[in-house]
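The block underneath contains the structure these notes are about, expressed in structure tokens.
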Amino acid sequence: MDLFKVDSIDECEEKIFKCIKKSNFDLKYEEVELYKSLNRINYEDIHSKEEAPNFNKSTVDGYAVISKDTSGASETVPTFLDIVGESLMGKEQTISINSGECVYVPTGAMLPEGSNAVVMIEHTENLSQKKIAIYSAVGEGQNVIKKADDIKKEELILKRGKKITSGDIALLSSAGVSRVKVYKKINIAIISTGDELEEYTKEKVDIGKIRDSNSIMLSAICEENFINVYDVVKVEDDYDKLYEKVKYYLDKVDIIVLSGGSSKGKKDYTESVIKDNSEEGILTHGISIKPGKPTITGYNIKNKTIIIGLPGHPVACALIFRILIFGIIEFITSAKLDNKYCIGRITENLKAAPGRMTIQLVNVKEDLTVTPILSKSGIVKSLSKADGYIIIKLNDEGINKGEYVKVHYLT
């Protein structure tokens, strides 16, 4: 009996990474407009070419003052200052103040020369057009953003491999960056295998047949994570047809994913096809993980193409795809894709699969209680119901009710 010689998930990934390094795999980059860079992976360290702000500005509506002039000011003993001008939004301030003087400044406006703090307008009273009473003391720098407080010239503002967020876009635009280099989207071809598969769009499915949900599910995961789906096809359980289809994509994509046919059945040809298209043969056939044990990997060095055979069961297919594909992209780009998670308390005891790392789908409530979704890996509904998943490490016996767990969100 030919049993799997399983690898851990780390061993499986390391074998792929070794081939990537050996073949000098390079994802390359493209330059895009800043507003189109959301969720893309930054290609190179970005340093600011200018400082921001380039002037001292107020964070409140109020009066720019010399802080020591307000020392001791209170509701019962106010300080009186002369108003010598007004700062206008978006205009360079040419007024300077001396001790005993102040200038009105709206939020975001430039402070006059000589001032070093701003008193909020709520803590002042206009006695006339030229005189105010101040009822609260301010310290030096209070209610002020100083020149270059936000961004310093030549400061590293975005590291290589950072997945660009809306906050990053705000930072880059503030530093005068209008275009950024981002890694090109990794190209993937998805091949669903199986005589039992029908198109999900078919009006009626015959008894014994099932709709192909895996390919559209994997395509959706790719869409969520800026992975380019080059093509999606369905192939019967036929070695020659599957071999030719894989061979066709080798020089066209970075990763070929085969969904189904990775077990040891009579008509499971995924192993043979991957082996015959990988110069170094099968890298991994079997991962010590539940669900997802019958996973196969290979690498075509000539074309620098990763080939992965995923389990046919939807839950196993989705989870292994996320773990392996995200891991590969993170290795190539230094990015961190799996960064949406929470820490919550598990609501019941949970056993681990003996000798395997266990992945468990869960629900998360508003109070961060975490409830396992107990179903078989072939049940598609569990993926729709799940908020995320938790991992029980290899050789751990399980998780006890009330323990804190890390939930990796699925979106």
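The values are calculated or read from the model by the stated rules, or taken from the named source; none is laboratory data. Note that this is a predicted model, so its numbers are computed, not measured. Cβ atoms come from the backbone with ideal geometry, glycine included; neighbour counts cover every protein chain shown.
Working only within region 198-256, note down all residues that are basic (K, R) and surrounded by 13 or more Cβ atoms within 10 Å (Cβ to Cβ).
Step one: filter region 198-256 for residues basic (K, R), giving 202, 204, 209, 211, 234, 241, 245, 247, 252.
Of everything in region 198-256, those that are basic (K, R) and surrounded by 13 or more Cβ atoms within 10 Å (Cβ to Cβ) turn out to be K209, R211, K234, K241, K245, K247, K252.
Just one of the numbered conditions (1) in a strand (DSSP E or B); (2) surrounded by 17 or more Cβ atoms within 10 Å (Cβ to Cβ) is not true of V138: (1).
With I41, I97 as the choices, which residue is within 30 Å of S334 (Cα to Cα), among the hydrophobic types (A, V, I, L, M, F, W, C) and not assigned by TED's automatic domain parsing to the domain that holds K252? Lay out the reasoning, then the answer.
Values: I97 fails: within 30 Å of S334 (Cα to Cα).
Going through I41, I97 in turn, just one is within 30 Å of S334 (Cα to Cα), among the hydrophobic types (A, V, I, L, M, F, W, C) and not assigned by TED's automatic domain parsing to the domain that holds K252: I41.
Kindly establish whether K15 is buried (at least 16 other Cβ atoms within 10 Å of the Cβ), among the charged types (D, E, K, R) and either in a helix (DSSP H, G or I) or touching a Phe, Trp or Tyr at 6+ places or on another chain (Cβ under 6 Å) (or both). Taking the combined requirement at face value, the residue satisfies it.
When I216 is tested against (1) on the phi < 0 side of the Ramachandran plot; (2) over 25 Å from the mean Cα position of the chain (by Cα), just one condition goes unmet, and that condition is (2).
Within region 343-365, at least one residue is farther than 23 Å from H313 by Cβ, part of a strand (DSSP E or B) and free of Cβ contacts under 8 Å to residues at least 60 places away in the same chain. Looking across region 33-84, the residues that are surrounded by fewer than 21 Cβ atoms within 10 Å (Cβ to Cβ) and among the polar types (S, T, N, Q) come down to N39, N54, T59, S67, S71, S74, T76.
Scanning region 85-102 for residues that are part of a loop (DSSP other than H, G, I, E, B) and either surrounded by 12 or more Cβ atoms within 10 Å (Cβ to Cβ) or in contact with a Leu (Cβ under 8 Å, 6 or more places away or on another chain) (or both) yields a count of 6. Condition (residue is at pLDDT below 95 and over 31 Å from the mean Cα position of the chain (by Cα)) applied to region 178-194: is it met by at least one residue? Yes: one or more hits. Within the option set E330, E366, E279, being over 24 Å from I191 (Cα atoms) and surrounded by fewer than 21 Cβ atoms within 10 Å (Cβ to Cβ) holds for one residue only, E366. Restricting the first member to region 114-138 and to residues that are at positive phi and at pLDDT 95 or above, and the second to residues that are surrounded by fewer than 16 Cβ atoms within 10 Å (Cβ to Cβ) and of a type in the set (D, E), no beta-carbon pair is closer than 9 Å while six or more apart or on different chains. Taking region 385-411 as the range and being in a strand (DSSP E or B) and either over 16 Å from I323 (Cβ atoms) or in contact with a helix residue (DSSP H, G or I) (Cβ under 7 Å, 6 or more places away or on another chain) (or both) as the test, the residues that pass are Y389, G398, I399, Y404, V405.
Each row is one residue, and each column tells you yes or no for (1) farther than 30 Å from I169 by Cβ; (2) touching a helix residue (DSSP H, G or I) at 6+ places or on another chain (Cβ under 9 Å); (3) among the polar types (S, T, N, Q).
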| residue | (1), (2), (3) |
| --- | --- |
| D45 | no, no, no |
| G72 | yes, no, no |
| V84 | yes, no, no |
| L88 | no, no, no |
| T94 | yes, no, yes |
| E101 | yes, yes, no |
| S136 | yes, yes, yes |
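Looking only at region 141-159, filter to residues that are of a type outside the set (A, V, I, L, M) and touching a strand residue (DSSP E or B) at 6+ places or on another chain (Cβ under 6 Å); which one of those is surrounded by the fewest Cβ atoms within 10 Å (Cβ to Cβ)? This residue is E154. The lone criterion from (1) surrounded by 13 or more Cβ atoms within 10 Å (Cβ to Cβ); (2) within 21 Å of the chain's Cα centre (by Cα); (3) modelled with pLDDT under 95 left unmet by Y29 is number (3). The numbered conditions (1) buried (at least 24 other Cβ atoms within 10 Å of the Cβ); (2) farther than 30 Å from Y409 by Cβ are all true for I306 except (2). Looking only at residues of region 160-197 that are among the polar types (S, T, N, Q) and closer than 23 Å to Y248 by Cβ, we find that the one that is surrounded by the most Cβ atoms within 10 Å (Cβ to Cβ) is T193.
For region 210-220, a residue qualifies if it is aliphatic (A, V, I, L, M) and in contact (Cβ under 8 Å) with a residue 40 or more places away in the chain, and the qualifying residues are M217, L218. The residues in region 169-209 that are in contact (Cβ under 8 Å) with a residue 60 or more places away in the chain and outside any loop (DSSP other than H, G, I, E, B) can be counted, and the count is 17.
Of all residues in region 371-411, those being hydrophobic (A, V, I, L, M, F, W, C) and within 22 Å of the chain's Cα centre (by Cα) number 7. When region 276-318 is limited to residues that are without any contact (Cβ under 8 Å) to a residue 60 or more places away in the chain and in contact with a His (Cβ under 9 Å, 6 or more places away or on another chain), the one that is nearest to Y249 (Cα to Cα) turns out to be G309. Scoring S259 on the criteria (1) buried (at least 24 other Cβ atoms within 10 Å of the Cβ); (2) at pLDDT below 95; (3) under 22 Å from T333 (Cβ atoms) leaves a single failure, condition (3).
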